[in-house]
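Heads up: the structure comes next, in structure tokens.
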Amino acid sequence: MNDLERPVRIGRIDYTNVWPLFYYFPLAAFGDELEIVQQLPTGLNRAMAAGDIDIGPISSFAYGEHFDDYILFPHMSVSALGRVHSLLLFHREPLARLGGKQIALTTASATTVVLLKIILQKFYGVRPVYTPMEPNLDEMMKEADAALLIGDHAIRASWADQGYLVTDLGAEWHKHTGEWMSFAVCTMRRALVESRPELVKRIYDAFLESKTKSLSDLTGLVQEACAKIGGSSRYWTDYFSNLCYEFGPRQWAGLKRYYDYAAELGFLDREVTLHIWNDTTTVQVTE
């Protein structure tokens, strides 16, 4: 089967923050044209880079590593202007005192790990020692002075009073930059856009339809989150309302700032260009 005949593979991470993009996605309408593949964020990042996945909401940092091969969908991201509630650093001492201390890092996200390093190094002038660990707060804090959790692991841990200081990385980024932060971006491989543009347009429209329908009435998302993860309806209503699923010029500016800092500090090896898709051409955003 050649590339024009095989199903387009869409990677899905099962974190609540991307649910609106998939909740009402009309998969059945595409028949055998599409295949959904469940992945952890880091697994999806690797699969996209290898060409095993064609489209997915990948970590923003992963786009920065492979931007020559990728194109971004507009109007779709997981972004915030301030608090996120699901990207949390749990720590015993204030951020300014974490120099030389051990920080346990979740193995599930590249974007947030680099964001934490940018915040500590650029805004606080500290360089901790970082150790990747499985996302279990109790086990992480047995070994380390601070622990970074993301997604549903962070949400669950935040509901229990562990006695730690808790820093929301979205709020911390906004405090120091005034910018939006996009944590995940909906990305596709450039080869797919070039070979199957009409199918790409239909997939894009379907994602937008799901996003719009999900956010116009949060009832379904909230009920499912309560059933699967726990917590109150009020918590999940606030959670989904606080996140932004838009990806336009304001989000582009914040993400470009993130990439510029990442390159400045050596986490990326070059300046990143945002390649934004539309149904007639690709727009480059460089500043």
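The values are calculated or read from the model by the stated rules, or taken from the named source; none is laboratory data. In this text, all values refer to a predicted model and were calculated from it rather than measured experimentally. Cβ: placed from backbone, ideal geometry, glycine included. Neighbour counts: every protein chain shown.
When the criteria are applied in full, Ile103 fails the requirement of being under 29 Å from Thr212 (Cβ atoms) and either surrounded by 20 or more Cβ atoms within 10 Å (Cβ to Cβ) or at pLDDT 95 or above (or both). Please work out if Leu120 is surrounded by 22 or more Cβ atoms within 10 Å (Cβ to Cβ), under 19 Å from the mean Cα position of the chain (by Cα) and either over 19 Å from Asn242 (Cα atoms) or not charged (D, E, K, R) (or both). In short, no.
A quick yes/no check of all residues on (1) in a helix (DSSP H, G or I); (2) surrounded by fewer than 19 Cβ atoms within 10 Å (Cβ to Cβ); (3) aromatic (Phe, Trp, Tyr):
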{"position": "Ser214", "(1), (2), (3)": "yes, no, no"}
{"position": "Tyr239", "(1), (2), (3)": "yes, no, yes"}
{"position": "Trp252", "(1), (2), (3)": "yes, no, yes"}
{"position": "Arg257", "(1), (2), (3)": "yes, yes, no"}
{"position": "Ala263", "(1), (2), (3)": "yes, yes, no"}
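Of the residues making up region 154-201, just one is over 22 Å from the mean Cα position of the chain (by Cα) and of a type in the set (Phe, Trp, Tyr), namely Tyr164. For Val114, indicate whether it is in contact (Cβ under 8 Å) with a residue 12 or more places away in the chain, over 30 Å from His275 (Cβ atoms) and out of contact with any Asp or Glu (no Cβ under 7 Å at 6 or more places or on another chain). It is false that Val114 is in contact (Cβ under 8 Å) with a residue 12 or more places away in the chain, over 30 Å from His275 (Cβ atoms) and out of contact with any Asp or Glu (no Cβ under 7 Å at 6 or more places or on another chain).
Taking the options Ala160, Ala144, name whichever one is among the hydrophobic types (A, V, I, L, M, F, W, C), free of Cβ contacts under 8 Å to residues at least 24 places away in the same chain and surrounded by fewer than 24 Cβ atoms within 10 Å (Cβ to Cβ). It would help to see each step written out before you state the result.
Numbers: Ala144 fails: free of Cβ contacts under 8 Å to residues at least 24 places away in the same chain.
Result: Ala160 is the single residue among Ala160, Ala144 that is among the hydrophobic types (A, V, I, L, M, F, W, C), free of Cβ contacts under 8 Å to residues at least 24 places away in the same chain and surrounded by fewer than 24 Cβ atoms within 10 Å (Cβ to Cβ).
Can you name the residue in region 1-36 that is under 17 Å from the mean Cα position of the chain (by Cα) and in a strand (DSSP E or B) and, of all such residues, is farthest from Phe73 (Cα to Cα)? The selected residue is Ile13.
Test of understanding: among His66, His91, which residue is assigned by TED's automatic domain parsing to the domain that holds Ala157 and farther than 21 Å from Glu179 by Cα? Can you show your working first?
On the way: His66 fails: assigned by TED's automatic domain parsing to the domain that holds Ala157.
Going through His66, His91 in turn, just one is assigned by TED's automatic domain parsing to the domain that holds Ala157 and farther than 21 Å from Glu179 by Cα: His91.
For the residues Glu198, Glu179, Glu194, the requirement of being surrounded by 14 or more Cβ atoms within 10 Å (Cβ to Cβ), of a type outside the set (S, T, N, Q) and at pLDDT 90 or above singles out Glu179.
Of everything in region 39-68, what is β-branched (Val, Ile, Thr) and assigned to a helix (DSSP H, G or I)? Give them in sequence order. Spell out the reasoning first.
Our first condition is that a residue be β-branched (Val, Ile, Thr); within region 39-68, this holds for 42, 53, 55, 58.
The answer is Thr42, and nothing else.
For region 15-43, the candidate set comprises residues that are touching a Lys or Arg at 6+ places or on another chain (Cβ under 8 Å) and free of Cβ contacts under 8 Å to residues at least 60 places away in the same chain; within that set, the residue that is surrounded by the most Cβ atoms within 10 Å (Cβ to Cβ) is Gln39.
Just need a number here: residues in region 152-178 that are of a type in the set (A, V, I, L, M, F, W, C) and touching a Ser or Thr at 6+ places or on another chain (Cβ under 7 Å).
Of the residues in region 152-178, the ones of a type in the set (A, V, I, L, M, F, W, C) are 154-155, 157, 159-160, 165-166, 169, 171, 173.
Remaining after also requiring touching a Ser or Thr at 6+ places or on another chain (Cβ under 7 Å): 154-155, 166, 169.
Matching residues across region 152-178 total 4.
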